[in-house]
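> Input: one structure, supplied below.
FYI, it's all coordinate maths here, none of it is from the lab. None of these values were measured; they are calculated from a predicted model. Cβ: placed from backbone, ideal geometry, glycine included. Neighbour counts: every protein chain shown.
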């Protein structure tokens, strides 16, 4: 969504995003965990009391694109819901919401994961990188540049996830062959079928052509 | 997705206590990739999710005197890239490398893979109150059953979705189970159950039990072992048919054999009859063909999956060939 679109939306009064944001904050009650005894009756004094969180929001701290963030999320909030909602990082896309398409791919401690199938609470203390974190200042990363120059996108919906999978691949294997690239993006679906150009873009970035 | 609470036990003992006696109300979570899918589809609506990630040592792979112990929360990708596993138990690494996608393998765990719920589309659809969900009908029996079972059919036609269960059974793996009374070990082969034992579950775990680790004995390490499966898609797909074999060879002579078939029945099935047919024989294409033909005797395919019979024969022959060529 471009800035202009956003401005237009806001002038129309209640926006969908604005409404959702407001609703999520309204629902954010005092987010502290409770110590509940186990469901069974007998419990001696030595037995572990198990921390039970929720269902209301609870405080979490994580690092997103190098920035330490303190926020709140309920136990059933996925990482994708957290980053697209309250954190307003809408680069990661929700498509299948079942971990099969890869459009929501982000890196957790450097490894690609589907943020739709990963709980925000599990991201506590982890280092998250989203597509918004790929740029250095106002410059595209070499991989992003080669995606542009190789025309490695059509509708663009798979692109943020593709970029994250390819970024992780190049980090692990700076000069992947075609088969290795195919394996690297085997969790990302492109309905437009732009795979050939994505192979070329990764190859170009790997060989220094994306700078 | 229906909201849930999250329990964060610090010990396995604490986890089994908080689980209680009802599968529906309190559910275990390891990586969460399967559970979250079930919650989103409204086929699981737990009040409390018991998150195992706070329990130390469940992510450890430990070499012991007798073998290797794999914690239930070891990530699939970590195990597939473990050099020891790749060299000594190659079929296991092969099976995991073909599981799901890189993203899922970075989150999904050994315990979660073995305990994942079936992929049957009637089971996964909240609108079908099928026999696995406490209803009285298996909709696959008369319905769209092309991906369903060809063995042990009748009550519930699911195929067990784990492919790594096959090699683990071929390697004589044990499952360690934590219950309120303590821990016990069972052979992984006996961990999975048929629908006639309990149509609503795929394994022997009770609501307050946890699969905590897998133990593979040193004696089963074998380079002449292989996992072979066919799928419709190259990625993010479940097997149509799968076979795991482990052959102890003396030259061309087969001294000992393990054969496990998966994705063809509600549980992975070890085939003692095929093992006996291989043992004491010399490796040959003819023998493998004979064993493959034997394997499908007694299959009871459904209306749309008899293709799996021919497919399974090919998969078995290829798996045996690859194991002997290793």
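> Mind checking which helices (runs of 4 or more DSSP H) fall wholly inside region A:158-211 and carry at least 3 residues that are in contact with a strand residue (DSSP E or B) (Cβ under 6 Å, 6 or more places away or on another chain) and touching a residue at least 60 places away in the same chain (Cβ under 8 Å)?
By residue number, A:159-172.
> Is there a residue in region A:121-131 that is without any contact (Cβ under 8 Å) to a residue 60 or more places away in the chain, more than 25 Å from residue A:192 (Cα to Cα) and part of a helix (DSSP H, G or I)?
yes
> Within region A:79-120, count every residue that is at the interface with chain B (Cβ under 7 Å from one of its Cβ atoms) and either under 20 Å from residue A:155 (Cα atoms) or buried (at least 24 other Cβ atoms within 10 Å of the Cβ) (or both).
Summing the residues that are at the interface with chain B (Cβ under 7 Å from one of its Cβ atoms) and either under 20 Å from residue A:155 (Cα atoms) or buried (at least 24 other Cβ atoms within 10 Å of the Cβ) (or both) in region A:79-120 gives 11.
> Of these, A:159, A:194, A:167, A:207, which one is buried (at least 17 other Cβ atoms within 10 Å of the Cβ) and over 23 Å from residue A:108 (Cα atoms)?
Testing whether each residue is buried (at least 17 other Cβ atoms within 10 Å of the Cβ) and over 23 Å from residue A:108 (Cα atoms) leaves just A:194.
> I've got another one for you. Which number in (1) touching a strand residue (DSSP E or B) at 6+ places or on another chain (Cβ under 8 Å); (2) away from chain A (no Cβ under 14 Å) marks the one condition that residue B:206 misses?
Only one criterion is unmet by residue B:206, namely (2).
> To continue, here is another question. Taking residue B:92, is it crowded, with 21+ Cβ neighbours inside 10 Å, part of a strand (DSSP E or B) and more than 9 Å from chain A (Cβ to nearest Cβ)?
Spelling it out, it is not the case that residue B:92 is crowded, with 21+ Cβ neighbours inside 10 Å, part of a strand (DSSP E or B) and more than 9 Å from chain A (Cβ to nearest Cβ).
> Count, please, the residues in region B:289-309 that happen to be in contact with a helix residue (DSSP H, G or I) (Cβ under 7 Å, 6 or more places away or on another chain) and buried (at least 21 other Cβ atoms within 10 Å of the Cβ).
3
> Within the group A:80, A:87, A:153, which residue is free of Cβ contacts under 8 Å to residues at least 40 places away in the same chain and in a loop (DSSP other than H, G, I, E, B)?
Going through A:80, A:87, A:153 in turn, just one is free of Cβ contacts under 8 Å to residues at least 40 places away in the same chain and in a loop (DSSP other than H, G, I, E, B): A:87.
> Using the structure shown, decide if residue B:36 is closer than 28 Å to residue A:104 by Cα, touching a residue at least 24 places away in the same chain (Cβ under 8 Å) and either part of a helix (DSSP H, G or I) or at the interface with chain A (Cβ under 8 Å from one of its Cβ atoms) (or both).
In short, yes.
> Considering every residue within region B:66-76, establish whether at least one is under 24 Å from residue B:237 (Cα atoms), at the interface with another protein chain (Cβ under 7 Å from one of its Cβ atoms) and under 22 Å from the mean Cα position of the chain (by Cα).
no
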